[in-house]
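To keep things clear, I will list the structure first and then write my remarks on it.
The values are calculated or read from the model by the stated rules, or taken from the named source; none is laboratory data. Owing to the predicted nature of the structure, the values given are computational and were not obtained by experimental measurement. Quick reminder, even Gly has a Cβ in these numbers, built from the backbone with ideal geometry, and neighbours come from all protein chains shown. Keep in mind that these areas ignore ligands, DNA and RNA; they rest on the heavy atoms of the full protein, side chains included. Shrake-Rupley method; radii C 1.70, N 1.55, O 1.52, S 1.80 Å.
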Amino acid sequence: LGFTYFIFMVGVTHWVTLFMAWLNNTLAGASVWAVSGAIFLIAQALFAIPVVPGVPAYLASGVIIANAGRNQGWSFELCMVWAVVVAQACKQAAFFIEQKLFGECLGSALWVRSVLGVNTKVTKGIKLIMLAPGVTLHKVFLLVGGPDWPTSVIAGVLRIPAIPCQIGTLPVVIPIGITVLSGGAMTKEGDLWESLAGMLLMLSAATLGGSCLFFFIALERVLETRADEIEQMLKPVEEGGEFDVEVEKFEKEQAEYQQVKTAVSSWPVLGYVWQSILVLSLVAMTASCAIFVFVPDDCFETIDVTTELSGPPINGNAFNLVKYPMGWLGMGLQIASLVLLLAFRRMQNVRSRNTHLDLATA
């Protein structure tokens, strides 16, 4: 939980923003077409990382294209229209690549099918929504409100046709457009534009959040109204169902291995050394998160996509993003906690494999 908080609230919030600011600085003076191509390629790389949301890419599109267009004599309105087109193309292409590359190509892997829960009612309910003919409201809520990476990968694993998914994703242009306009407003001067940028960003988050909420409501309704169909899908293939026997066997083996891992790492059998390591890792993680939560302004400099990195507070050095001493203290505690936990996990895996092997050969 602590590492998840660190990745999202520190890694994504601060370091991805810094990267986007660097991109904005680097592409200053480039043509709109070159900027658009760079944004498209970098967005695909970012979308391939499950924990990175699409908002930074959309925001950067508004900022960077607005700056590039202004240098070429484009009007602000034209810049924003083109930025929305680029951002939407990034989203559509990313969904297609993740669906085909990650979903369909990796969908044959047992661990992928197990992680996605192909034998669960929720996944079957999602499949029914996606396979519905045409562009239904439920499908739009799923494709717009669902998390970027899991939604596209599940579509690939379930072998959902690409074209309906692409059409159903089109309404995401609404929150994307709002986010792009927020980025464009950041490039304008004046208190009015600054306030407008913040309001648009909040409106975008509310739109995406609302779509996500409506998706869960729609999914719950499908699970209730089409329960008989879902139960049939969960029956064995011999009975006309889609139950994945290979995944069931894999999950049973994993459950047995997990029981062994739990047994060899239970508190009484760990010993004082590994008990101490676990406690130190927990203390370091708790202290690190407490620092980032309670004194965030003392940990990181305040920047956005429009920040000039050659000037203060970054002054050309990316590490100046972290403030001394609290920021570096929080980072150091986080790293120490991770190293200790990895050492424990290594010990746990070695003991588990040895014990599991002994049981298999007994």
Helix-only estimate, please: 222 nm mean residue ellipticity of the chain, summing -39500 (n - 2.57) across DSSP H runs of length 4 or more and dividing by its residues, to the nearest 500.
-22500 deg cm²/dmol
The range 228-362: relative contact order from alpha carbon pairs under 8 Å, six or more residues apart, as a whole percent, is 28 percent
Given the convex hull of the Cα atoms of the range 242-362, what is a quarter of its surface area in nm²?
13.1 nm²
Here the range 137-145 yields Karplus 3J(HN,Hα) values (6.51, -1.76, 1.60; θ = phi - 60°; whole Hz; Gly and Pro given as x) of 5, 4, 5, 5, 4, 5, 6, 8, x
Which of the peptides 131-140, 308-317 is most tightly packed, and how do the rest follow, going by the mean number of other Cβ atoms within 10 Å of each residue?
131-140, 308-317
Given a 1.4 Å probe and heavy atoms of the protein chains only, how would you sort Glu253, Glu239, Glu248, largest accessible area at the top?
Glu239, Glu253, Glu248
Rank by packing, highest mean first: peptides 225-235, 11-21, 78-88, with packing defined as the count of other Cβ atoms within 10 Å averaged across residues.
78-88, 11-21, 225-235
